[in-house]
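Here the structure comes first, spelled out in structure tokens, and everything after it is commentary.
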Amino acid sequence: MNFVRSMTARVAAAMLVLNWSISIAGVAGADPASNSARALADRLSALQSGTSFTRFRLEVKQPGDTTKITLQLQIKERRANNIADVVYQILWPAERKGEAVLLHRADGGPAAGSLFLPTDKLITLNASQITDSLFGSDLSYEDVIEDFFAWENQTVAGDDVVDHVNCFILESRPGKAESSTYASVRSWIDPRRFVPLRVEKYLPGGRLARRIDTTRVVTDDKGRFIPAVLTVRGLRTDSSTELDGSRIKHDVAYTDREFSPEGLGEISVPHFPSE
């Protein structure tokens, strides 16, 4: 009986490897026998490229599921050729409307940013502040600008089951020329939908700094699967953060001013002809 169970497990594992390799070859155009971890990471990174606009809700919760902070936000992003610009702006509540942060990163270097407060106060974020909390949540500024799938070192660290889904664990480590607070990031990837169902970020020394779980998956305006609801837990034990943002538009036309410190005080929404 133990032999039968062992053989069944091995066959199931072999089929999972085969299905994952076919998925990588078909979607990323890669040879599954050659550097499949790199192909997987490249494909996941490419899914973030281009311009996008998102509306979402952010809730910071205390133990016992008590809501501490609720925010409605919009995100503007443009990512291409290892250059990323991201703007987060608060739309609600009224007393925080207009609060915004601009983040920029290029070629794996350190992130830079500016924080705008509704009193027309513009603050330049220094290197140490990039790891600060995003609007009081369990995410940092660094978390929302960093693309660890683009890091130099990518390996498959095993497989695991998340929410009844067989996933491969992709381990990402920054190269010598890449700047990050984190020493490594592990992502549990659903090979059928190409979505990270769990992400764990580790500090030097192996301490777990942040865990992000995908609790809902939807399709976007391009028919691709994306995480729609995320739960984030960080080093703080007194809170967790839920992000709900399934409304996303791609291929948005932006001006350079929208990604400049001078433009942070202006809340603008892109025009979508189909709406």
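What follows draws every value from the coordinates through simple rules; no lab data is involved. Computed from a predicted structure; not experimentally measured. Backbone-built Cβ (ideal geometry, glycine too); neighbour counts: all protein chains shown.
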- Query: Among the listed pairs LYS97/LYS176; LYS76/LYS176; LYS76/LYS121; LYS121/LYS222; LYS176/LYS249; LYS61/LYS176, which are separated by more than 32 Å between their Cα atoms?
  - Reply: LYS97/LYS176; LYS121/LYS222; LYS176/LYS249; LYS61/LYS176
- R0 = 30 Å: FRET efficiency of SER179 with ALA80, Cβ-based, nearest 0.05? 0.95
- Task: Using only Cα atoms, tell me the angle between helix 36-46 and the longest principal axis of the chain; keep it within 0 to 90° and round to the nearest 10.
- Result: 20
- Query: Hey, of (i) 23.8; (ii) 19.9; (iii) 22.4, which did the structure itself give for Kirkwood radius over Cα pairs in Å when calculated?
  - Reply: (ii)
- Query: Suppose every K and R has +1 on its Cβ and every D and E has -1 on its Cβ; what is the size of the dipole of segment 2-263 about the Cα centre, in Debye to the nearest 20?
  - Reply: 520
- Output the relative contact order of segment 42-95, whole-number percent, from Cα pairs under 8 angstrom with separation of 6+ residues. 31
